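K.L.:
Let me give you the structure first, and then I'll get to my questions.
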Protein chains: 4
Amino acid sequence: MLTVYVITTGGTIEKGYSEKHGSVENLDNKIDRYLRLLRLPDMAVSIVPLMNKDSLDMNPEDRALVLGMVRALLKENAPIIITHGTDTMVETGTFLERELPSLDMPIVLTGALAPLGFEGSDGLQNLTESLMALQFVEPGVYIVMHGTCYPVNRAKKDHGLGRFVWSEGPQP
Amino acid sequence: MLTVYVITTGGTIEKGYSEKHGSVENLDNKIDRYLRLLRLPDMAVSIVPLMNKDSLDMNPEDRALVLGMVRALLKENAPIIITHGTDTMVETGTFLERELPSLDMPIVLTGALAPLGFEGSDGLQNLTESLMALQFVEPGVYIVMHGTCYPVNRAKKDHGLGRFVWSEGPQP
Amino acid sequence: MLTVYVITTGGTIEKGYSEKHGSVENLDNKIDRYLRLLRLPDMAVSIVPLMNKDSLDMNPEDRALVLGMVRALLKENAPIIITHGTDTMVETGTFLERELPSLDMPIVLTGALAPLGFEGSDGLQNLTESLMALQFVEPGVYIVMHGTCYPVNRAKKDHGLGRFVWSEGPQP
Amino acid sequence: MLTVYVITTGGTIEKGYSEKHGSVENLDNKIDRYLRLLRLPDMAVSIVPLMNKDSLDMNPEDRALVLGMVRALLKENAPIIITHGTDTMVETGTFLERELPSLDMPIVLTGALAPLGFEGSDGLQNLTESLMALQFVEPGVYIVMHGTCYPVNRAKKDHGLGRFVWSEGPQP
């Protein structure tokens, strides 16, 4: 039985439609509800709801909070998924990589361009892929989106294309 | 074969999630895509995309445009559904009722509190109900939402409850 | 607040996929789970699970049971929906009409050609339409399917077309 | 851009509900329609519809056909996914492993316990996982189901549990 922790921080993947305000907002945790749609008999997935923020609003204190939680969970010797807004996902991942120089577990950041539960959402795909990728990769920090697992220092969000792409340098 | 016209004007029912802007917007017509999910072998439903506006942004010129299209379609001697934002649905309906004193067909306004294709959307329910209600009601202007068919002068949106309720006076 | 009773008897609308047997079967009640997807603030819908049978397996005892339950619920002075397999829906409806000559409430039979929860299912559409139609029709027995409300003596299932059609005689 | 071939052979994952027969059957290819729901900007996925059979009906000729197609596609130097019924997935995989002793690409068999498009289906999860796993595994034959990637000689279907489990021997 593989134990996996999922730290949720908000971002588009967890946004919901507020009927009161007529807008999409980070209000409630949605990750647990969607992970339950997956069949994972060999995994024990523990969800740790940490914050529920648009990643453009994440500040150094928020990232310190993420780092603290990652450090605490790493003591359990289990891989970690962090759900996160895509706009600053690379920034948070780079920060974690720098602060955790001797990782012995993979940390995977993932998210979505359209919220879970909205038509055409990529959220459940990215969660599913992350749970598979972390079983194979070396310790380190990764971004998993849309069928690709990037080492965090090789990913960047292309706002024009509306997706992640490989940053400069040779691809694996 | 019953002919029905559906004039689409925008509103929440047709909003979509813009990945570029991270917000819900009235961009594309969605009504046709969702009506195709219904089986209606005895109906010929013609969709007339008129505008795609948040109903709070509808102005007198927009309502004149709706009235003009309704007048044109009434010549076909067929009932009409108008999909519309909920915030000013009663206002548009009241305007149509006043301007069309001798209707001989029913006009049904409907919409949604959550966009078509978002989890928990009421859009397809309201469309389905409208197509059934218009087969039974007398000529006049109605609002169909959430299992209830209101004569337009008896409906009001309760923003606190987030739904339509009967306005004062005895219920049928 | 309109009270409505929904008697469930099985049929395709409630079939589920049995992973053990690799087939579709009438096992569990599904109607309640799908009705909860509808917003019906002005209705109190009570579900009465009576049996869970393929309608080809319904025998005179089963129909007597349906009749008994209908008689009991009619004392509540509320309209009744019966979810039922389509193959013998007309037979059960005709039986009820004959046995209940002085109805003062509408009874609507409905069902589906594809089970609730299967892609392309017509089940929720038919339930939604039934809840609207029963607010308008005179006392009597009806079949509501695919946008049409048939008096029971005017409906027949066309197995070739895979849907209900008007039986001979002038349409309303 | 990673090229991947998906050979479809039928099985539960591709079953559909036949309204005519009231049963689930292998009739049409569904894999392409569901793969289109995934965002895979870095992959070129080519679907090769080979047959559409319940895997209990697959005979030696069918398996020879699968082998022939695999051999042909291996010339393209790309990983291969085979969608397949779960009942004889291990048998087909073992056959391929025996007949292809010097593989230099991974071959992943996957399928589902509930058809694509049925509520609670595991089909899209398994496809998503397969597309991720094949990017990491050594050449060889694998079964990917429910979050686990099994070397084919280590997987067996547990009919009581209704899922795949590790066969005897130490787990990785």
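K.L.:
In the structure shown, do any of A:K156/B:K20; A:K20/B:K53; B:K53/B:K75; D:K30/D:K53; B:K30/B:K75 have a Cα-Cα gap over 24 Å, and if so which?
P.N.:
Over 24 Å apart, Cα to Cα: B:K53/B:K75; B:K30/B:K75.
K.L.:
Here's something else I'd like to know. Direction-averaged shadow area of the convex hull around the Cα atoms of the stretch A:1-73, nm²? Numbers along the way, then the final one.
P.N.:
Numbers: hull surface 22.8 nm².
Average of the hull's projected areas for the stretch A:1-73 equals 5.7 nm².
K.L.:
Also, I was wondering about something else. Which of the residues in the stretch D:120-138 lose at least 10 Å² of accessible area when you go from the chain alone to all protein chains together (probe 1.4 Å)?
P.N.:
D:G120, D:D122, D:Q125, D:T128, D:E129, D:M132, D:A133, D:Q135, D:F136, D:V137
K.L.:
Compare A:S18, A:S55, A:S130 in a GNM of chain A, Cα atoms joined below 10 Å, and give the one with the largest fluctuation.
P.N.:
A:S18
K.L.:
What percentages, rounded to whole numbers, describe P(r) for the stretch D:53-94 computed over all alpha carbon pairs with 5 Å bin width beginning at zero?
P.N.:
Answer for the stretch D:53-94: a P(r) of 5, 22, 32, 22, 13, 6, 0 percent.
K.L.:
Taking θ as phi - 60°, what are the ³J(HN,Hα) couplings along the stretch B:145-153 by the Karplus curve (6.51, -1.76, 1.60), each to the nearest whole Hz, with x for Gly and Pro?
P.N.:
8, 6, x, 10, 10, 9, x, 4, 7
K.L.:
Only helical DSSP H runs with n ≥ 4 go in: add -39500 (n - 2.57) per run for chain A, normalise by residue count and round the 222 nm mean residue ellipticity to 500 deg cm²/dmol.
P.N.:
Values: 4 runs with 42 residues, N = 172.
After summing the helix terms and dividing by residue count, I get -7500 deg cm²/dmol.
K.L.:
Then there is this: Roll a 1.4 angstrom probe over the protein heavy atoms and tell me the percent of accessible area of the stretch D:1-117 that is carbon or sulfur. Provide the component values of the computation, followed by the final result.
P.N.:
Values: 2510 of 4860 Å².
That fraction is 52 percent.
K.L.:
Work out the length of the dipole vector of the protein assembly as shown about its Cα centre, built from +1 on the beta-carbon of each Lys and Arg and -1 on the beta-carbon of each Asp and Glu, and round it to the nearest 20 debye. All intermediate terms of the calculation are to be shown ahead of the outcome.
P.N.:
On the way: 60 positive and 88 negative charges, 0 e Å.
Here the size comes out at about 0 debye.
K.L.:
Treating the beta-carbon of each Lys and Arg as +1 and of each Asp and Glu as -1, no other charges, what is the dipole magnitude of chain B about its Cα centre, to the nearest 20 debye? Spell out each step's value before the answer.
P.N.:
Details: 15 positive and 22 negative charges, 37 e Å.
That gives a dipole near 180 debye.
K.L.:
Would you give the gap between the C-alpha center of the stretch A:1-44 and the C-alpha center of the stretch C:120-172, rounded to a whole Å?
P.N.:
If we compute the Cα centre of each part, the gap is 41 Å.
K.L.:
How big is the A/D interface in buried accessible area, both sides summed, 1.4 Å probe, to the nearest 100 Å²?
P.N.:
Details: alone 8710 and 8700 Å², together 15230 Å².
That pair hides around 2200 Å² of surface in total.
K.L.:
In percent, how large is the relative contact order of the stretch C:80-172, given Cα pairs closer than 8 Å and 6 or more residues apart? Could you put the intermediate results ahead of the total?
P.N.:
Working: 152 pairs, mean separation 25.5, N = 93.
Relative contact order comes out at 27 percent.
K.L.:
Return the FRET efficiency for the residue pair D:K156, A:L27: r is the Cβ-Cβ distance, R0 is 25 Å, and the value is rounded to the nearest 0.05.
P.N.:
Values: r = 44 Å, r/R0 = 1.77.
Calculated transfer efficiency: 0.05.
K.L.:
In whole Å, what are the Cα extents of the stretch C:37-172 along the three principal axes, biggest one first?
P.N.:
Taking max minus min along each principal axis of the Cα atoms, the stretch C:37-172 gives 39, 35, 33 Å.
K.L.:
Once Lys and Arg get +1 and Asp and Glu get -1 on their Cβ, which of D:P101, D:F136, D:Y150 lies farthest toward the positive end of the dipole of the stretch D:58-172?
P.N.:
Of the options given, the answer is D:P101.
K.L.:
Where in chain C is the longest stretch that carries no trypsin sites (Lys or Arg not before Pro) classed as loop by DSSP and with at most 16 other Cβ atoms within 10 Å?
P.N.:
Result for the longest clean stretch: C:76-172.
K.L.:
Would you be so kind as to list the residues of the stretch C:34-72 that have their accessible area lowered by at least 40 Å² in the full protein complex compared with their chain by itself (1.4 Å probe)?
P.N.:
C:R39, C:P41, C:D42
K.L.:
Leaving out ligands and nucleic acids, note down the accessible area per residue over the protein assembly as shown with a 1.4 angstrom probe, in whole Å². Intermediate values should be presented prior to the final figure.
P.N.:
Details: 27780 Å² over 688 residues.
Accessible area per residue: 40 Å².
K.L.:
Kindly provide the Kirkwood hydrodynamic radius of the protein assembly as shown in Å, to one decimal, from all pairs of distinct alpha carbon atoms. Let's see the in-between values first.
P.N.:
Numbers: mean 1/r = 0.0361 Å⁻¹.
Kirkwood radius, the protein assembly as shown: 27.7 Å.
K.L.:
What per residue convex hull volume, in Å³, do the alpha-carbon atoms of the stretch D:51-126 yield? Provide the component values of the computation, followed by the final result.
P.N.:
Working: hull volume 7.1 nm³, N = 76.
For the stretch D:51-126, the hull spanned by Cα atoms encloses 94 Å³ per residue.
K.L.:
Which stretch or stretches of the stretch C:37-78 have amide N atoms under 19 Å from the point lying 7 Å from C:K20's Cα along the Cα→Cβ direction?
P.N.:
In the stretch C:37-78, the label zone of C:K20 (backbone N under 19 Å from the point 7 Å along Cα→Cβ) covers C:52-54.
K.L.:
Which of the residues in the stretch B:139-159 show a loss of at least 40 Å² in accessible area from their chain by itself to the complete set of protein chains, at a probe of 1.4 Å?
P.N.:
SASA drop of 40 Å² or more in the stretch B:139-159: B:H146, B:G147.
The values are calculated or read from the model by the stated rules, or taken from the named source; none is laboratory data. Predicted model only: the values in this text are computed from it and were never measured. So basically every Cβ, Gly included, is an ideal-geometry build from the backbone, and we count neighbours across all protein chains shown. Note: accessible area is taken over every heavy atom of the protein model, side chains too, but ligands, DNA and RNA are not part of it. Shrake-Rupley method; radii C 1.70, N 1.55, O 1.52, S 1.80 Å.
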